[in-house]
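What follows is a set of notes on a single structure, which appears directly below.
Read-outs: derived from the displayed coordinates by stated rules, not from any lab. The shown structure was predicted, so the numbers you read here are calculated from the model rather than taken from an experiment. Backbone-built Cβ (ideal geometry, glycine too); neighbour counts: all protein chains shown.
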Amino acid sequence: MRAAAAVSALLAALCVAPSARAQWAQIHDRALPRTADGKPNLAAPAPKAPDGRPDLSGVWADEAAPPPPGILTVEGDLPLPRYLVNIAADLKPEEVPLQPWAAELLQERLRNDGRDGPTASCKPSGVPAIDSTPLPYKIVQTSAAVYVFYEENTVFRQIFLDGRKPVADAVPRWLGYSTGKWNGDTLVVDTVGFNERHWLDGMGHPNSDKLHVVERFRRRDVGHLDIQITVDDPGAYTKPITYTVTATLVPDDDLLEYFCTENEKDSQHFH
């Protein structure tokens, strides 16, 4: 299937990453509540930061989910998050609100079996695709900013909470320019300023320079983080697409160094 081939190309670079975790000397996080047997209590209430806000800090890994219809299961010990494959997985094909040019480009990418995808040549996944990566990421929260460090290609994001805005005519980026604010217990993140080379998922849903991504981070307990993502791109879609990814805490562990370009041998075989 075309979609399955495209997703395989997207995952080719990621799957060469070391899959074994716990390669740091294990140190128990004393801030984590634990059960009587000493295991982290992932169902305990979400922790609070010194300012009283929910604390999103921790190492997180996206949960695997049943793949969308028509997508083959990817074998191996890396999970396959549902929306890594298709951001419109919850919609019927006729409901996907693509502009005509975007629909044509999507079909072209599928016909090319994903060989033109950014990750196939070791470029970043970009936002929002990086929220569904099968590799872990680490959130560090302060009162002025939230920092997200991704194991994938060792890239990072800065989500500023100090009211700053991107400068006018800022250089377009893969991860854009992110600002955030709290709405109750939810961190609402606005990101703009993207380049036009994104694949929003493994299938190749495209974007325009009008892409605006809103992420709503909510830590519902110690062990679970929900991120509601709204893709609002009037240049490529006739209306926004919203979906929610869920991540699980990876306790007592940390990120590893990972670079897609190291020992990468897949792209030379794409034809």
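Rounded to 0.05, the FRET efficiency of the Asp232 and Asp29 pair, given R0 = 30 Å and the Cβ-Cβ distance, is 0.25.
Annotation for the range 142-242: GluC sites (Glu not before Pro) lying in DSSP loop with at most 13 further Cβ atoms inside 10 Å of their Cβ are Glu196. Ordering Arg218, Arg164, Arg30 from the fewest to the most neighbouring beta carbons within 10 Å gives Arg30, Arg164, Arg218.
Between Ala49 and Arg220, the distance separating the two model label sites (each 7 Å from Cα on the Cα→Cβ line) works out to 2.2 nm.
Hey, fewest Cβ within 10 Å first, where do Phe217, Phe259 land in order? Mind dumping the intermediate values first?
Working: Phe217 24, Phe259 13.
Ascending number of Cβ neighbours within 10 Å: Phe259, Phe217.
For the pair the range 235-249 and the range 133-206, the centres of their Cα atoms are 14 angstrom apart.
For Asn86, the residues whose amide H sits under 5 Å from its own are Gly202, ignoring neighbours fewer than 5 places away on the same chain, with H placed 1.01 Å from N.
How do 134-141, 108-115 rank on mean C-beta neighbours within 10 Å, highest first?
Details: 134-141: 20.4, 108-115: 17.9.
In decreasing order of mean packing, 134-141, 108-115 become 134-141, 108-115.
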